[in-house]
Amino acid sequence: MEETLPRLEGLLLPSITDVSVLSLDVSHEAIRIEACSTAAGAACPDCGSESSRVHSSYLRFPADVPSGGRQVLLHLRVRRFFCPQPSCERLTFAEQMSGLTRRHSRWTERLRSTLAAVGLALVGRAGARMAEAFGVSISRSAVLRLLDALPEPEVPAPRVVGVDEYATRTGRVYGTVLVDVETRRPVDLLPDRQASSLAAWLAKRPGIEVVCRDRALFFAEGASAGAPQAVQVADRWHLWNNLGEAADRAVAHHRQCLRVLVPDREEKAEEPMPPEENANFPWRSDRFANRIRARHATVHALLEAGHSRRSIGRQLHMTHRTVKSVADAAKPEDLFHGQWQHNRTSVLDEYKPYLDKR
Ligand SMILES: [Zn+2]
């Protein structure tokens, strides 16, 4: 058995140098590995001085990645060294086994990177649950702290950058999001939407050739100041969005013209529409308009006779909101308009499914 032990390091702790496995115990549930460092000394974490003067030693039990369904229990014999540097404030320090341990960590490095990968894919709660499934107990906030501690990934400076705003706290706080348009990945978030912040960000990346932005003034100013070399273009989404809004406004503005055209066609329909449906399309039927006028007259007559709004609602089977809107309208025509605004319907409604599809 003794002769096979030297090969265990490569099997159990691959790619870790200066380590010696002292014993191995495999039971039904767990694999127990006792190991120690074989390095001559270690460097002080404060001053960097190498030391080989051993002060003491103790055991560490970092959690490791399970193997073959068994828990791996590491028993690491770790030495504490004297710092040789008299000016150093640290008198003694514990050695770290490169690739295996780090200060104050209860995990081996390979378990740490496994948990970080799980956290990147699933984040806190689901990440903790996944870790549980392979036998590692970790809280969701510990998963998040692990992600927080990861180094920022290196993002190459984009050539074409998209600038837009984003909102947090349900639209109360606005920031700026920057997207690499070629890779379609967000590259940075700025905490505000100031021209100066955008300009500063762009100025640090002189390789930017194109800035895609909407027409907001602060983005225009920021782009001109920070990337004078870049061409500024409106992105496709904002062009379509602006066109859509302009078309909506234009059609709404001319709805009187449409109202003249539509009733003729609708008159042919003998069956009157149910009132709720009709209420959404008041221009469709003169009969509906007449009913509104009659209702307006009734409500106002009752009001003048001293009836309360509540009582009118009960008598005419109208909701409180309807009574209020009829009572507040000086003349029936205001009501058409009011209802229109109230329900936020527009002459586009009938065509919206088609427009959405386009
Ligand atoms: Zn030191």
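Against the chain, whose longest principal axis comes from its Cα atoms, helix 109-133 is set at around 30 degrees. Rg and Dmax over the alpha-carbon atoms of region 160-241 stand at 11.8, 36 Å. Averaging 1/r across all pairs of distinct Cα atoms in region 1-151 and inverting the result yields a Kirkwood radius of 16.9 Å.
Probe of 1.4 angstrom, ligands and nucleic acids ignored: what's the accessible area per residue over the chain, in square angstrom?
Numbers: 23090 Å² over 358 residues.
Heavy-atom accessible area per residue stands at 64 Å².
If the chain linking residue 90 and residue 255 were pulled fully straight, counting 0.36 nm for each residue of separation and taking away their Cα-Cα distance, it would gain 51.2 nm.
Take the solvent-accessible surface of the protein heavy atoms, probe 1.4 Å, and return the percent of it on the chain that carbon and sulfur atoms account for. Before the final figure, lay out the partial values.
Working: 12470 of 23090 Å².
For the chain, the apolar C and S fraction of the accessible surface comes to 54 percent.
On C-alpha positions alone, give me the angle between the axis of helix 140-149 and the longest principal axis of the chain, in degrees, nearest 10. Between helix and principal axis, roughly 70 degrees.
In the chain, helices alone account for a calculated mean residue ellipticity at 222 nm of -13000 deg cm²/dmol, with every DSSP H run of four or more residues adding -39,500 (n - 2.57). Of 36, 257, the residue with the largest accessible area leads and the full order is 257, 36 (1.4 Å probe).
Counting only Cβ charges, +1 for Lys and Arg and -1 for Asp and Glu, the dipole size of region 152-240 around its Cα centre is about 160 debye.
For the chain, a Kirkwood radius taken over Cα pairs fed into Stokes-Einstein (10 °C, viscosity 1.306 mPa s) yields D = 55 µm²/s. Relative to the longest principal axis of the Cα atoms of the chain, helix 286-304 runs at roughly 90 degrees.
The values are calculated or read from the model by the stated rules, or taken from the named source; none is laboratory data. Quick caveat: nothing in here was measured; it's all calculated off a predicted structure. So basically every Cβ, Gly included, is an ideal-geometry build from the backbone, and we count neighbours across all protein chains shown. Ligands, DNA and RNA are stripped out before the accessible areas are found, and what is left, the full protein with its side chains, is counted by its heavy atoms. Shrake-Rupley method; radii C 1.70, N 1.55, O 1.52, S 1.80 Å.
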